[in-house]
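In what follows, a single structure is set out as structure tokens and then discussed.
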Amino acid sequence: METGKFFHNLMERKDFETWLDNISVTFLSLTDLQKNETLDHLISLSGAVQLRHLSNNLETLLKRDFLKLLPLELSFYLLKWLDPQTLLTCCLVSKQWNKVISACTEVWQTACKNLGWQIDDSVQDALHWKKVYLKAILRMKQLEDHEAFETSSLIGHSARVYALYYKDGLLCTGSDDLSAKLWDVSTGQCVYGIQTHTCAAVKFDEQKLVTGSFDNTVACWEWSSGARTQHFRGHTGAVFSVDYNDELDILVSGSADFTVKVWALSAGTCLNTLTGHTEWVTKVVLQKCKVKSLLHSPGDYILLSADKYEIKIWPIGREINCKCLKTLSVSEDRSICLQPRLHFDGKYIVCSSALGLYQWDFASYDILRVIRTPEMANLALLGFGDVFALLFDNRYLYILDLRTESLMSRWPLPEYRKSKRGSSFLAGEASWLNGLDGHNDTGLVFATSMPDHSIHLVLWKEHG
């Protein structure tokens with residue numbers, strides 16, 4: 001009896017399997033819509049046992065943790081296709097997901113680069129770059145919301161401040177009160193204060209201060225004693241700009257007498273007078289060349305001098321009677337003036353005008369690009385880098401994203417003292433213009449002299 005029942009059940013099993021095979025073949029031949037209708041009908045006929053069975057198996061099939069199951073290399077490859085904000089959301093799924101996503105270095109490095117952040121490939125910590133990205137988006141949001149900066153003032157001069165120069169956290173100010181002061185920007189304290197002539201231009205290092213004056217002379221002063229160690233006489237107009245190089249033992253000066261003079265820094269003697277300008281020479285820059293051309297090689301020292309309409313390029317070396325290599329301008333008929341600020345890093349020359357921001361390639365002297373936007377009309381250049389440029393007008397300080405050529409942030413400025421020569425305002429720290437890195441967005445951004453003889457400072461706000 002029992003044996004017969006066993007074979008009867010076995011036959012039922014075989015019949016079931018045959019039926020299941022047939023129905024499977026038929027099911028596979030249906031359209032997607034028909035398959036869905038079939039499943040809906042079967043579900044409607046199912047009881048609690050079947051529905052529980054269905055629920056348990058669907059969870060296993062559909063909710064597979066692919067990040068946990070895939071090799072790490074494949075997980076990283078898939079993650080590269082997601083945007084950073086989605087990845088941050090995915091980090092909340094589980095501890096395992098957060099661990100895998102946080103360790104995907106390439107994804108976070110790319111995200112940082114897209115924000116204009118500098119990347120140090122030597123950092124080996126796998127979790128480092130997600131932290132950097134979180135820091136980066138905070139700073140970029142502060143910039144977009146105009147909340148990245150704060151202001152301060154330096155008070156100490158008793159007459160107008162005409163000359164400013166910044167270097168390594170120290171700001172030098174030259175005033176009509178016949179003094180020059182050296183300030184620690186971080187503390188606001190005056191480090192040195194010495195008696196000078198009226199200062200139209202200043203530049204300093206640890207030991208000395210060089211000043212160009214409205215009395216038509218240049219002077220060199222010792223910080224520690226306040227003594228004048230050298231006096232350079234020869235210009236017949238106010239000296240609006242100075243630069244020097246200790247290695248060459250050369251000082252250069254630009255004047256209202258339309259000339260540039262080259263001096264022996266230690267001896268105080270005039271080595272050469274460069275002529276050709278027909279307007280006040282408001283800027284001179286002494287810089288080592290970084291590119292090769294027919295006219296110069298990497299390592300050669302170059303002098304740039306600028307007036308209202310032209311930028312002249314001169315070789316500076318052992319030759320006393322050097323000739324102008326090239327004259328640059330933005331309009332042949334002199335209908336367009338150049339702004340008094342000039343950027344030269346040995347590879348590119350950048351200057352702003354009413355037509356826009358001009359960038360020349362120093363190897364060929366060709367114009368690489370002109371950035372023109374309605375918002376940039378009459379903006380003056382303060383600083384220029386690989387990623388950002390710093391500009392300003394009468395009301396605001398602006399950050400320009402050079403990759404998109406769009407203004408990304410602005411900061412209100414008070415009624416500062418206007419100077420057609422551009423000496424009474426300057427940019428502070430410049431390394432962030434080549435890309436932020438989470439460490440270089442500190443210290444001075446901008447400084448300008450005020451009608452009340454104080455100095456208005458714009459500083460990076462500390463990270464929140």
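Net length available on complete extension from Ser158 to Leu45 is 31.2 nm, with 0.36 nm assigned per residue and the Cα-Cα distance removed.
Taking all protein chains as they are arranged and a probe of 1.4 Å, the heavy atoms of Phe66 leave approximately 90 Å² accessible to solvent. Rg and Dmax of the stretch 95-135, based on Cα coordinates, read 9.8, 30 Å.
For Ser29 and Leu69, a Förster radius of 35 Å and the Cβ-Cβ distance give a FRET efficiency of 0.65, rounded to the nearest 0.05.
Ranked from largest to smallest solvent-accessible area, with a 1.4 Å probe on the protein heavy atoms, His277, His41, His231 come out as His41, His231, His277.
Which entries of Lys14/Lys35; Lys131/Lys181; Lys261/Lys326; Lys181/Lys323 show an alpha-carbon separation above 29 angstrom in the structure shown? Beyond 29 Å: Lys131/Lys181; Lys181/Lys323. Axis of helix 32-45 versus longest Cα principal axis of the chain: the two differ by about 60°, to the nearest ten degrees. Along each principal axis, taking the top coordinate minus the bottom one, the Cα set of the stretch 98-240 gives 68, 30, 28 Å in descending order. Taking a ≥ b ≥ c as the square roots of the Cα gyration tensor eigenvalues, the chain comes out prolate, since a/c reaches at least 1.5 and a/b is larger than b/c. Name the shape class, rounded, prolate or oblate, that the alpha-carbon gyration tensor gives for the stretch 170-263, where a ≥ b ≥ c are the square roots of its eigenvalues, rounded holds for a/c under 1.5, and otherwise prolate holds if a/b is larger than b/c and oblate otherwise. It comes out prolate by the Cα gyration axes. In a solvent-free Debye calculation with one equal scatterer on each Cα, what is log10 I(q)/I(0) for the stretch 66-145 at q = 0.15, 0.18, 0.20, 0.24 Å⁻¹, listed in the order of the q values? Those come out to -0.52, -0.73, -0.88, -1.19, one per q.
Across every direction, the projection of the convex hull enclosing the Cα atoms of the stretch 1-136 has a mean area of 14.5 nm². Rounded to the nearest 20, the Cβ-based charge dipole of the chain about its Cα centre (Lys and Arg +1, Asp and Glu -1) stands at 560 debye. The largest accessible area among Thr217, Thr273, Thr18 belongs to the first residue in Thr18, Thr273, Thr217, and the rest follow in falling order (1.4 Å probe, all chains).
Working note: Debye formula, equal point scatterers on the alpha-carbon atoms of the stretch 242-299, no solvent; log10 I(q)/I(0) at q = 0.30 Å⁻¹ is -1.10.
Of the listed pairs Lys208/Lys283; Lys203/Lys312; Lys99/Lys347, which have alpha-carbon separations greater than 32 Å here? Going by Cα-Cα distance, Lys99/Lys347 fall outside the 32 Å limit. Using the Cβ-Cβ distance between Leu138 and Asn378 with R0 set to 30 Å, the FRET efficiency from 1/(1 + (r/R0)^6) comes to roughly 0.40. Spacing of the modelled spin labels on Ser186 and Thr275, each 7 Å from Cα toward Cβ, amounts to 5.0 nm.
Loop-located trypsin sites (Lys or Arg not before Pro) in the stretch 130-229 (DSSP state not H, G, I, E or B) with no more than 10 neighbouring Cβ atoms inside 10 Å do not occur. Angle of helix 2-28 to the longest C-alpha principal axis of the chain, folded into 0 to 90 degrees and rounded to 10: 40°. About its Cα centre, the dipole of the stretch 66-145 is roughly 280 debye, where the only charges are +1 on Lys and Arg Cβ and -1 on Asp and Glu Cβ. Rolled with a 1.4 Å probe across the full set of protein chains, the surface gives Leu127 an accessible area near 80 Å².
Within the full protein context, the accessible area of His53 is estimated at about 120 Å² for a probe radius of 1.4 Å. The aspartates and glutamates whose alpha-carbon is closer than 16 Å to the alpha-carbon of Lys141, local same-chain residues fewer than 8 away aside, are Glu150, Asp401, Asp437, Asp441, Glu462. For Lys68, the aspartates and glutamates whose Cα falls under 19 Å of its own Cα, not counting residues fewer than eight places away in the same chain, are Glu59. Per-residue ellipticity at 222 nm from helix content only, as computed over the chain with -39500 (n - 2.57) for each DSSP H run of at least four residues, stands at -7500 deg cm²/dmol. What the phi angles of the stretch 97-109 give under the Karplus curve with 6.51, -1.76 and 1.60, with θ = phi - 60°, is a coupling list of 4, 4, 5, 5, 5, 5, 8, 7, 4, 4, 4, 6, 4 Hz, glycine and proline written as x.
The values are calculated or read from the model by the stated rules, or taken from the named source; none is laboratory data. Computed from a prediction, not measured in an experiment: that's the story for all the values here. With ideal geometry, Cβ positions are generated from the backbone for all residues, glycine too; neighbour counts draw on all protein chains shown. Calculation scope for accessible area: heavy atoms of the full protein, side chains included, ligands and nucleic acids excluded. Shrake-Rupley method; radii C 1.70, N 1.55, O 1.52, S 1.80 Å.
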